[in-house]
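The values are calculated or read from the model by the stated rules, or taken from the named source; none is laboratory data. Given the structure is predicted, the values throughout are model-derived calculations rather than measurements. Cβ placement follows ideal geometry from the backbone for every residue including glycine, while neighbour counts extend to all protein chains displayed.
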Amino acid sequence: MLEDSTELLKIPTGFICDIEHTMDVLDYHVWFSTVCDNCNYLYAKYNPRLAVVMDKVEYLPLGLGNKLLFTSHSNTQWIVYDFAKAPDDLLRFDEDFTIAMYYIIEYLARRRNTKAKNSVYFMN
């Protein structure tokens with residue numbers, strides 16, 4: 001889902017395929033835009049804050065490369081859903097919040113409670 005105001009500078013087919021594959025491998029059902037969030041840029045350069053090295057042999061066949069990059073911010077300007085796998089309660093935001101940052105944080109906390117404590121399921 002893209003907000004109407006989102007400007008695509010090139011056809012995102014490859015990017016979308018990569019996001020969907022990563023979501024499938026990591027068992028994530030929702031991905032929030034990180035590229036569209038200005039807080040993830042430093043002097044106009046995209047600046048991920050965390051790199052998780054995928055150095056275990058069992059990760060190699062997944063085709064994710066040797067590391068996954070995470071950022072500190074996301075937004076709802078562009079969201080990818082896996083409707084076939086996502087539980088209904090993880091497809092909705094808490095409508096008590098009106099600021100996106102708050103309902104994303106609440107959503108990530110709720111999602112985090114569905115997985116093992118040693119997972120990175122709290123990350124986007």
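A few points about this structure:
- Residue in the stretch 19-28 that is part of a helix (DSSP H, G or I), closer than 18 Å to Leu108 by Cα and modelled with pLDDT under 80 present: yes
- Answer from Phe97, Phe93, Phe83 - the residue that is among the aromatic types (Phe, Trp, Tyr), touching an Asp or Glu at 6+ places or on another chain (Cβ under 7 Å), farther than 21 Å from Glu7 by Cα and in a loop (DSSP other than H, G, I, E, B): Phe97
- All of Leu68, Leu64 fail the test of being in a strand (DSSP E or B), farther than 20 Å from Glu106 by Cα and touching a Ser or Thr at 6+ places or on another chain (Cβ under 9 Å), apart from Leu68.
- Among the residues of the stretch 29-56, those identified as of a type in the set (Lys, Arg) and either out of contact with any Ser or Thr (no Cβ under 7 Å at 6 or more places or on another chain) or not in a loop (DSSP other than H, G, I, E, B) (or both) are Lys45, Lys56.
- Sub-7 Å Cβ pairs linking a first residue in the stretch 82-95 that is free of Cβ contacts under 8 Å to residues at least 60 places away in the same chain and on the phi < 0 side of the Ramachandran plot to a second residue that is assigned to a loop (DSSP other than H, G, I, E, B) and surrounded by 11 or more Cβ atoms within 10 Å (Cβ to Cβ), at least 6 apart or interchain, are Lys85/His29; Ala86/His29, ordered by first then second residue.
- The stretch 100-124 - residue that is of a type outside the set (S, T, N, Q) and part of a loop (DSSP other than H, G, I, E, B) and, of those, modelled with the lowest pLDDT: Phe122
- Candidate set: the stretch 70-89, residues that are among the hydrophobic types (A, V, I, L, M, F, W, C) and within 17 Å of Glu20 (Cβ to Cβ); chosen: the one surrounded by the fewest Cβ atoms within 10 Å (Cβ to Cβ): Ala84
- Only one of Tyr41, Tyr28, Tyr59 that is surrounded by 10 or more Cβ atoms within 10 Å (Cβ to Cβ), more than 15 Å from the chain's Cα centre (by Cα) and within 27 Å of Leu90 (Cα to Cα): Tyr59
- In this structure, Asn40 qualifies as in contact (Cβ under 8 Å) with a residue 24 or more places away in the chain, more than 16 Å from Met1 (Cβ to Cβ) and in contact with a strand residue (DSSP E or B) (Cβ under 7 Å, 6 or more places away or on another chain).
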